[in-house]
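Where a number appears in this text, it was derived from the coordinates with a stated rule and is not lab data. Predicted model, so just to flag it, every value in this text is computed and none were measured. Glycine gets a Cβ as well: all are built from the backbone with ideal geometry, and neighbour counts include every protein chain shown.
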């Protein structure tokens, strides 16, 4: 048998992966710059120093950093929502937002506050991502077809802008756009998805130059500046910076969520862990350097990262190779891209973001958890109908409202004994479970805090009212209680006092140590009675039934 060939040395793997990623990144970066609303060259500016920073600071070698779909759309929406950003100052303010996003991410990393991204639940992210993908694709329709429509960041305004433009389509531009779109889809279907953008961009630029398409009304990229850009603080004021803080915070969190999701996905396949705060710091540094080079906020792309990971880079240093290719493009290859039709970049974006539309998660949530499904629908509809920034905020607000509802109305079960066993289960799920007349066994599956004290007290009163036998004992199964606050202690004290006053015995079973410590400190252990805490529910029920009447 022939031995397996030796693996490629790390430098060769990084060289190959960096080159393949550059093939995907260069056209995507230029295309995503048009989503932000800046000239395509700024997409290349955002793909050099940020990649160097991430390559040197991060540890997730599969993440292909650079302009991404969600963050570019959010930047465009944020800049478009304020009135002081003009077309001439748009690139400068986009760089300012990159600086703000980087500062926020670095601050969160120092404070080890990466957990804040957990407020963006999976249903919210799925609904937002799918709607944002449709908005991004829709925003490129005018460029794809040569329509003189204004930019918009929600579906209603987008369709209105098309109607206001009279649905006027430039025939030759539409032919170019449709041809590029079909070519990208066709190459993707035959397994050439990684090289497809560069092939289509190169061919479109060549055809445009040979046919002088710009002279026939086809919008082209135009001459790209050579070399690195110059930064200017002229016209930047604190009032404008403060106005962009909400948008910058949203971009910072969404961008980090994208990067950490990709990093965790690939790390899980290798059985490794991700240092979330290190990734956050690396991303923050990348955005600061993007601002320094007149770029815009960057994060990552799921599709580009999949291509990058497929090339099996040996380390994050593969991104240094990618950055070198981008520099070569800016310095040497820029003039070759001047005749590139903007319709081609629109086609690249539409194909890239179409894969972000998530149809699997809604189907799964409909089967598993209907409340989460409707949360996804609310986020999706809000993002489409109101706008990307408002959509994700509405989704987060709805997610928090659902969380509050679940914690203020927790699951509470009345327990009964399974025949012939010492196990106790919910009588609604186990009809054969036996209850002791006059003894109520209740389990609360949540933390006990100020938000649900009224709910529990009301439920206990309702269960007592509905009891066929006068209540003589209540046992609280605390196995589901993880913690309780001072308001819960006060409420529990009132409940116990009321039971004692009416001669109803109260006991607790399976109390966790942290909860017991709080009960001890609050004096509730002494009030209930130290001998009325049991290791399991069955012992509590037996003790209550066997306890002499005088001790109840």
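Using the basic label-point model (7 angstrom from Cα toward the beta carbon), what is the residue 82 to residue 249 distance in nanometres?
Going from the residue 82 label point to the residue 249 one covers 1.5 nm.
Give, in nm to one decimal, the length gained when the segment between residue 164 and residue 11 is fully stretched (0.36 nm per residue of separation minus the Cα-Cα distance).
49.6 nm
Between residue 278 and residue 434, with labels modelled 7 Å along Cα→Cβ, what's the label distance in nm to one decimal, could you check?
5.9 nm
Sorted from largest down, what three extents in whole angstroms do the Cα atoms of the range 113-185 have along their principal axes?
51, 30, 19
Note down the nm distance, to one decimal, between modelled labels 7 Å out along Cα→Cβ at residue 332 and at residue 423.
Label-label distance for residue 332 and residue 423, simple model: 7.1 nm.
Note the listed values (i) 59, 25, 22; (ii) 42, 31, 19; (iii) 36, 28, 26, then indicate which one is semi-axes √(5λ) of the Cα gyration tensor in Å calculated from this particular structure.
Matching the structure shown: (i).
Give me 247, 290 ranked fewest to most by other Cβ atoms within 10 Å of their Cβ, as a rough exposure proxy.
Arranged by neighbour count, lowest to highest, 247, 290 become 247, 290.
Can you tell me how much longer the chain between residue 195 and residue 150 gets when fully stretched, taken as 0.36 nm per residue apart minus their C-alpha distance, in nm with one decimal? List each step's numbers first, then the result.
Details: separation 45, 0.36 × 45 = 16.20 nm, distance 3.17 nm.
Contour length minus Cα-Cα distance gives 13.0 nm.
Which shape class, rounded, prolate or oblate, goes with the range 181-338 when its Cα gyration tensor gives a ≥ b ≥ c as root eigenvalues, a/c under 1.5 marks rounded, and past that a/b bigger than b/c marks prolate?
Here the range 181-338 falls in the oblate category.
Nearest 500 deg cm²/dmol is fine: what mean residue ellipticity at 222 nm does the chain get from its DSSP H runs of n ≥ 4 alone, each adding -39,500 (n - 2.57), divided by its residue count?
The helix-only estimate for the chain comes to -19000 deg cm²/dmol at 222 nm.
Please give the length that would be gained between residue 178 and residue 407 if that part of the chain were fully extended, namely 0.36 nm times their separation in residues minus their C-alpha to C-alpha distance (nm, one decimal).
77.3 nm
So for each of 236-243, 42-49, 203-210 I average, over its residues, the number of other beta carbons within 10 Å; can you give me the resulting order with the highest mean first?
So the order, starting with the most tightly packed, is 42-49, 203-210, 236-243.
Nearest 10 degrees is fine. How inclined is helix 245-269 to the longest principal axis of the chain, computing both from alpha carbons?
That works out to roughly 80 degrees.
Normalised by the empirical 2.2 N^0.38 Å for globular proteins, what value does the Cα Rg of the range 57-205 take?
For the range 57-205, the normalised Cα radius of gyration comes out at 1.27.
When a/c is below 1.5 the answer is rounded, else prolate if a/b is larger than b/c, else oblate, so apply that to the range 420-510 with a ≥ b ≥ c taken from the square roots of the Cα gyration tensor eigenvalues.
oblate
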